Structures are given as structure tokens and as C-alpha cells.
1. Any residue in segment A:138-157 that is within 14 Å of chain B (Cβ to nearest Cβ) and closer than 14 Å to residue A:102 by Cβ sitting within a Cβ distance under 7 Å of a residue that is acidic (Asp, Glu) and open to solvent by less than 30 Å² (accessible area, probe 1.4 Å)? List the pairs, counting only those 6 or more apart or interchain.
2. Within segment B:342-349, is even one residue among the hydrophobic types (A, V, I, L, M, F, W, C), farther than 30 Å from residue B:174 by Cα and surrounded by fewer than 20 Cβ atoms within 10 Å (Cβ to Cβ)?
3. Before we move on, is residue A:73 out of contact with any helix residue (DSSP H, G or I) (no Cβ under 6 Å at 6 or more places or on another chain) and farther than 30 Å from residue A:21 by Cβ?
4. Tell me which residues, restricted to segment A:153-191, are among the charged types (D, E, K, R), part of a loop (DSSP other than H, G, I, E, B) and over 19 Å from the mean Cα position of the chain (by Cα).
5. Filter segment B:256-303 down to the residues that are in a loop (DSSP other than H, G, I, E, B) and closer than 30 Å to residue B:142 by Cα and list them by number.
Amino acid sequence: MLEYRTQGFNGYAVKYSPFFDSRVAVASAANFGLVGNGRLHILGLTAKGIVAEKWFDTQDSLFDLAWSETHENQVLVAAGDGSIKLFDIGLDEFPVQSWQEHNREVFAVHWNLVDKDKFCSSSWDGTIKVWSPDRPTSLVTLPTHACTYSAAFSPHDPSILSAVSSDSQLRIFDLRTPPSASNHITLTIPIHSPNPRLPPNAAAPNNQGAQVGPFAPAEALTHDWNKYRSTVVATAGVDRLIRTFDIRAPDQGPVAVMQGHEYAVRRVAWSPHLADTLLSASYDMTCRVWNDGFNDAKGAVIGAQGGPRSWAAWVAIPSSCVELIGACLGMRGGLPVSGGMRGCVFGM
Amino acid sequence: MSKPNQRLSQIQSHLSATAPSSSPASALSPLTKSPDDIVVTTCLRTPFTKGGRGGLKDVPAADLLVHTLKSLLSRSGISPDLIEDLAVGSVLPPGGGATEFRAAALVAGLPESTAVKSLNRQCSSGLQACVDIAHAIKAGMIDVGVGAGVESMSSQYGPGAVTEFSELLDSHPEGKNCKVPMGMLSEQMARDRGIKRSDQDAFAAGSYQKAFRAQQEGKFDEEIVGLKGVKWVDPKTDEEKVIDVMRDDGIRDGMTVESLGKIKPAFAKDGSIHAGNASQISDGAAAVLMMKRSTAERLGQTIVGKFVASSVVGVKPLLMGIGPWKAIPVALEKAGVSKDEVDVYEINEAFASQCLWCIRELGLDEKKVNPDGGAIAFGHPLGCTGARQVSTLFSELGRTGKRFGVTSMCVGTGMGMAAVWVKE
């Protein structure tokens with residue numbers, strides 16, 4: 001396991017560069033993001049371990065980051081003062097661009113993987129904004145009226161984006177729909193909805209701990225689109241459960257419910273290599289690897305019978321060194337990385 | 001509200017929400033249930049009977065193993081084909097018992113595809129067998145395995161069990177110490193460490209009384225699988241009889257400090273150790289079925305408990321009795337459990353002197369140690385004890401609704417072993 005200490009700063013997000021498989025960026029904040037400066041770290045994975053290549057300091061905490069999909073040196077960060085900044089790692093100190101529209105903490109930024117001149121952001125001010133790096137103001141503002149912790153473009157379709165918020169809703173927006181009072185919302189899925197194919201509180205198959213509901217609404221903190229199954233989204237949050245939804249069947253409740261984390265889940269990320277595998281990081285100081293049972297013949301049979309698919313946490317990676325809060329992860333080349341509140345980046 | 005306070009309350013709300021499950025377990029606690037946990041689904045043993053006289057004295061070790069494995073298969077209901085490896089701890093058989101144990105596995109109904117090994121780490125062999133199987137599962141070498149222990153001290157105890165030392169070994173002081181008989185060195189240790197005979201006798205009487213009570217109350221019934229139709233030669237009349245052996249026969253009622261105080265010391269005229277405050281020579285076998293939690297759930301096996309961590313340490317050969325004192329803290333540290341959190345300790349009573357010394361030196365609550373008695377009362381079939389402790393521990397934890405258990409023993413030639421278990 002490789003380890004790097006982001007001395008004095010607590011990690012909130014970590015992402016691999018889409019251009020160099022040995023480069024990682026970390027968004028971090030002093031004092032656990034409550035008050036103080038932020039720092040963007042650019043780290044290199046070398047034979048000698050993780051080394052700092054560069055860092056940029058900001059006035060306020062940094063909560064998320066996204067690498068530019070068009071420029072190998074540019075990284076976008078989400079800041080606590082409501083700003084979004086674009087840094088160029090070929091330059092020193094200052095961002096090359098800064099956008100100030102959100103009224104509260106920006107908690108997510110995500111670059112469009114298909115239409116690469118767009119990115120989106122979401123904020124505690126209850127809005128999602130779509131931006132172009134070349135324009136000084138946002139292109140679209142999508143209100144959610146709830147603190148929105150996570151927003152992302154579909155990796156399969158340039159005009160579809162999704163978000164999860166503190167109101168326990170997964171929203172899907174399609175920017176091709178005409179402007180109207182619905183603000184491009186095409187789907188709203190209550191994350192706490194039960195699986196109607198099973199009676200309430202029915203025991204999960206094999207007593208694996210999966211639940212079918214009904215659930216109480218809980219703040220949703222993170223979500224991610226599956227990279228292979230274009231209609232599948234994983235969500236997680238304060239109720240400690242990870243769920244997968246198929247947006248083709250929004251009324252069918254969760255396809256899989258994965259239980260295991262002992263505190264709120266701060267980040268989920270699907271494997272870029274395996275269609276059925278996802279990673280999660282939680283305030284319980286563990287990162288876990290999950291299999292949602294998609295490729296499991298047995299799981300598929302259970303699914304056909306109407307129950308949630310079987311699943312298993314393969315490994316609870318004991319981030320025994322993370323003293324406070326495991327926060328975030330990215331995954332590339334089979335080597336996941338996690339960044340922790342304690343100020344550590346692990347390559348595992 | 002200031003901005004930092006707003007952020008703080010927002011993040012607090014992430015943490016204060018109630019869990020969907022009722023488990024209050026903290027992260028990484030041994031109570032956490034992960035699919036890759038190593039769990040025990042069935043554990044049992046034969047009755048322990050007195051060496052040279054008891055009901056199993058004429059049953060060869062391998063036959064005891066056959067009976068134990070058959071019982072394990074029928075009680076667990078597992079398909080024998082799924083068992084990939086069997087580790088058998090045994091101390092006395094020539095050649096380690098490797099040949100006859102493989103045969104015993106086949107006779108018991110395990111298929112040829114089930115591998116078998118015998119191993120010998122003296123008195124901890126049975127625990128070592130369980131630990132080896134747990135680690136093989138953890139490492140992904142096998143999915144399902146059995147850790148077992150067996151000893152027929154009636155037929156195999158004696159001077160033949162140790163090879164003559166070479167001049168080279170004898171020329172090294174600590175090397176030579178490895179062959180000092182256990183009773184002699186324990187006598188010396190009791191003297192050096194000031195463990196009084198009266199204390200030893202009180203401890204031993206306690207073991208007898210606890211075991212007698214446990215037997216009367218049927219506390220061993222859950223773990224013991226009796227043998228029916230055992231051929232037994234009456235030592236008095238030389239008459240061969242067919243008997244049923246259903247319970248430990250070393251347990252005696254009415255043992256007190258006073259009655260034990262009358263027994264002559266065995267190893268020195270002015271010594272403190274005697275037949276009544278040392279472990280009994282016995283025959284017996286025990287077996288533990290282990291697998292991953294995910295496997296157990298898939299197969300519908302009932303989970304008895306979880307293997308958490310183990311330790312093995314070395315001490316001076318002449319102070320072998322202090323092994324548990326050194327091994328237990330190491331295992332607890334690995335498990336992240338404090339000694340006070342442990343509900344039951346099964347510490348082998350090789351000698352009252354060494355067991356008592358370890359309990360005192362570790363500062364353990366005596367009530368938590370061997371609540372149903374120990375080897376002084378019902379015997380110590382050497383290689384079997386470590387596997388026996390698992391079933392004794394889990395049945396006691398189950399009855400009392402407690403969770404954390406530790407098994408440990410001293411090991412001849414100067415070692416100690418311990419393991420931490422969680423009842424579920």
C-alpha cells in the first residue's frame with residue numbers, strides 16, 4: 001500500500017488523471033473542511049512511492065475536483081466559498097479561470113466525458129450548474145431546492161446529467177428537453193423507495209443483510225454512473241446503504257441494496273474495468289469493494305424471482321490508519337486510491 | 001450561524017443519523033460482520049476419558065478421529081465434497097500420524113479430494129490446526145476446511161514419543177533444556193515464582209468443582225458426541241466388554257483443597273505438583289468446521305462464531321508454563337480487544353501452578369477463566385486440547401449470551417499460543 005500525507009489538510013476528493021496513469025489530484029481542506037484554506041495536490045505515483053509534484057493553495061476549503069478531459073494539465077476544483085476554479089499545473093500559484101455563481105459551498109464538479117467542452121457543478125445552495133470552460137458565466141442553472149452533494153454527467157450520453165441531494169432524491173436531467181417549468185428534469189427517483197416486488201421487510205436471500213424497505217428518507221451524499229451498463233446508477237449516503245437503480249425502471253425501487261458500512265457513505269465509484277464492481281468510502285473509515293451480483297448467475301436468478309440481486313462486499317479494506325473519516329476515491333488501472341479526512345492518500 | 005458552524009452542523013447530520021441495522025459496532029471492531037470473515041459453523045468433541053483406564057483407552061487415535069469427523073459431517077449436514085483440507089493436530093503418534101489420519105478421513109466419508117495433514121506443535125496442535133485452516137481460507141487456498149485434534153495417550157504416551165538428543169543438542173544449554181520433563185520444570189518454576197501448593201490445590205479443586213457442576217447441569221452435552229459400542233478391556237479382569245462412552249470420565253465430585261492436600265508430590269519430595277493439581281492423561285478428539293462467512297451463508301450453514309486473530313510466541317524452555325501470559329496479549333492486540341472486554345478465557349490447565357501464575361500475572365478475573373473447569377478435571381489429550389477449547393468456549397459463550405472468547409495454552413519446549421474468537 002502506498003501512502004502520502006497531505007500534511008495539515010484533510011482529503012475530500014481524489015481522482016486519477018485521464019491522461020497519465022501515474023498522476024493523481026487531491027482536493028483537500030484544512031480543519032476537516034470546517035474553516036480555513038484549501039489545497040489542491042498534484043501527486044505522482046513513482047517507484048519511490050507517492051511524491052508531490054505540485055500544489056495550489058486556495059482561500060477556502062476544496063471539496064471536489066475534476067480533471068479536464070481536453071487539456072492534460074488542467075484541473076477543476078469545487079470550493080467552499082461557492083467558487084469553481086480551473087488550475088493549470090504548468091503554471092504556478094493562481095488559477096487560470098474562476099467562476100463565482102453558487103451562493104454556498106460547491107460540493108461536486110464533474111466533466112462531461114462525451115461532450116468534452118462542458119462540465120457541471122452542484123452546491124449546497126440547491127442548484128446544479130452547467131458550464132463551458134471558455135465562458136465566464138454558466139450555461140444553465142438547474143434548481144433542486146435541496147442541498148445537492150453530487151452531480152454528474154452520464155458517461156454514455158452528453159446531454160443527460162444526474163444529481164443526488166439531501167432530500168433523498170435521485171434526479172435525472174435531459175438538457176435536450178425544451179425549457180419549461182420542469183427545468184429539464186425527466187426523472188425523479190426517491191432513493192428510499194422500497195422494492196415493490198417484495199413484501200415490506202421480507203428477509204433478503206441468504207440473510208446477507210440486504211434490505212428491501214421501506215426505508216426512511218435520508219440525505220444522499222454520492223452517486224456514480226456505471227461505466228458499462230448505461231442505465232445503472234449507484235447511490236449512497238447517510239443511511240449507510242449503497243443502492244443501484246436502473247433508470248429504465250424508476251418505479252421498481254432499488255435493483256440491489258448493499259449494507260455493510262457503519263457510518264454514512266461519502267463516495268461511491270464504479271470500476272472502470274468491471275461492470276459489476278464498485279468501491280465505496282465511508283465515515284466509518286473503511287473503503288469497501290462491492291459486487292452488485294450483475295454477472296453472478298445465481299444473483300441473476302434471484303433477480304428474476306423478484307428479489308434484490310445477491311451481492312457481497314469482497315473486502316473491507318481496513319484503512320486502519322485513517323483516524324477520522326474516509327472520504328473519497330477514484331479508480332484506474334486496477335489500483336484504487338482513497339483520500340481520507342486524516343490527511344492520507346492511499347494507493348491500494 | 002457562522003459559516004464554520006453551518007458546515008459543522010451539516011456534517012454532523014451525516015453522522016448522527018440512525019443506522020439501518022441495529023448493530024452499534026464501531027468500524028473494524030471484531031464484531032463487524034464481513035463476508036470475508038472466517039467463521040466456525042460446527043465444532044464438537046468426543047468425551048475425554050482417563051488414560052490407561054477410561055472408556056476410550058482401547059480405541060486407537062485414528063478411530064477416534066473417524067468418529068469425530070463422521071459426527072461433524074452429520075451434525076453440520078455439509079456435503080463432504082466441499083471440504084478441501086483437514087488439518088489434524090496430534091503430538092504422540094509415530095510419523096505424526098499422517099498415514100492413519102488420511103485413512104481415517106476416507107473411512108469417515110470424506111472423499112479422496114479432501115487433503116489431509118497432521119501437525120505437531122505440542123500441546124497447541126489442535127489450535128494450530130484450526131489456525132492453519134483459517135489462514136488457508138483467508139489466503140484463498142481453500143474455501144472450506146476442518147481443523148481437528150486427536151490424541152490417544154493410553155496407547156501412545158511414553159518415552160518413545162521423543163527422539164534421543166544428539167551430543168550437539170545436549171551441548172547447548174537451552175537446547176538441552178528442551179528435553180527436561182514438563183513436571184520437573186514446572187515444579188522448579190512453581191518454586192521460583194512462589195506459587196504455593198495450597199493455592200494450586202485450591203485452583204485444582206475449583207476446576208473439579210466447576211467441571212462436576214457443568215457435567216451435572218449437562219453443559220457439555222452440546223459439544224460432546226458419545227461413542228456407542230466401544231470395545232473395552234476391563235483392566236481388573238482382562239474381560240473384553242462392549243460399552244457406551246457418553247461423557248467425560250475424569251470428572252470427580254467432592255474434590256476439595258483438603259482432599260487434594262493429602263496427595264503426595266509427584267516430582268520432588270518437597271514439591272507442590274501432584275496428580276491432583278496437574279492435567280489428567282486422557283484420550284479424546286475434537287474437530288472444528290470452518291469457512292468464510294459468505295460461504296456459510298451460501299451453503300445455509302449455521303454460524304457458531306468467528307475466528308478473529310491468533311498468536312504464537314516463544315519463551316524459555318524451562319518456563320514453558322508462562323506461554324499464555326506472553327501469547328494472550330499479542331492475540332488481543334491483533335484483534336483490537338482489551339483483556340477486560342473478553343467474556344470467557346479457556347486457558348489450558350497443564351498444571352495448576354502455571355495456569356494460576358498466568359491468570360494472576362495478566363490480572364484476569366478468575367471467574368472468567370475456564371468457567372466449566374479444565375484439563376485438571378477432565379483431561380488434556382495433548383494434540384486435541386486446542387480444538388476442544390473451541391467447542392467448550394462457544395457453547396459457554398452461547399449459554400451465557402456473551403461474545404468475546406480467548407483460547408490459549410502453554411506449549412512444551414517453551415512456547416505459548418492464543419486465539420481470539422467471537423460468538424455469534
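The values are calculated or read from the model by the stated rules, or taken from the named source; none is laboratory data. Please read these numbers as outputs of a predicted model, since none were measured by experiment. Backbone-built Cβ (ideal geometry, glycine too); neighbour counts: all protein chains shown. Protein only, heavy atoms only, side chains kept; ligands, DNA and RNA dropped before computing areas. Shrake-Rupley method; radii C 1.70, N 1.55, O 1.52, S 1.80 Å.
1. none
2. In the first step, residues of segment B:342-349 are kept if they are among the hydrophobic types (A, V, I, L, M, F, W, C); the result is B:342, B:344, B:347.
This time we only want the ones that are farther than 30 Å from residue B:174 by Cα, so: B:342, B:344.
Now drop any that are not surrounded by fewer than 20 Cβ atoms within 10 Å (Cβ to Cβ), which leaves none.
No: zero hits.
3. Numbers: out of contact with any helix residue (DSSP H, G or I) (no Cβ under 6 Å at 6 or more places or on another chain): yes; farther than 30 Å from residue A:21 by Cβ: no.
So residue A:73 fails the test.
4. If we filter segment A:153-191 for residues that are among the charged types (D, E, K, R), which is where we start, we get A:157, A:167, A:171, A:174, A:176.
Cutting the leftovers down to part of a loop (DSSP other than H, G, I, E, B) gives us A:157, A:167, A:176.
Selection gives A:176 alone.
5. Initially, segment B:256-303 is screened for residues in a loop (DSSP other than H, G, I, E, B), giving B:256, B:262-277, B:279-281, B:300-303.
Listed by number, the residues that qualify are B:300, B:301, B:302, B:303.
Per-residue answers, yes or no, for (1) in contact with a helix residue (DSSP H, G or I) (Cβ under 8 Å, 6 or more places away or on another chain); (2) buried (at least 24 other Cβ atoms within 10 Å of the Cβ):
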| position | (1), (2) |
| --- | --- |
| A:232 | no, no |
| A:239 | no, yes |
| A:244 | no, yes |
| A:249 | no, no |
| A:252 | no, no |
| A:264 | yes, yes |
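Each row is one residue, and each column tells you yes or no for (1) at pLDDT below 90; (2) assigned to a strand (DSSP E or B); (3) under 17 Å from residue A:77 (Cα atoms).
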site: A:4; (1), (2), (3): yes, yes, no
site: A:7; (1), (2), (3): yes, no, no
site: A:14; (1), (2), (3): yes, yes, yes
site: A:21; (1), (2), (3): yes, no, no
site: A:26; (1), (2), (3): no, yes, yes
site: A:32; (1), (2), (3): yes, no, yes
site: A:40; (1), (2), (3): no, yes, yes
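Residue-wise test of (1) open to solvent by 10 Å² or more (accessible area, probe 1.4 Å); (2) more than 16 Å from residue B:284 (Cβ to Cβ).
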| site | (1), (2) |
| --- | --- |
| B:319 | yes, yes |
| B:326 | yes, yes |
| B:392 | no, no |
| B:405 | no, yes |
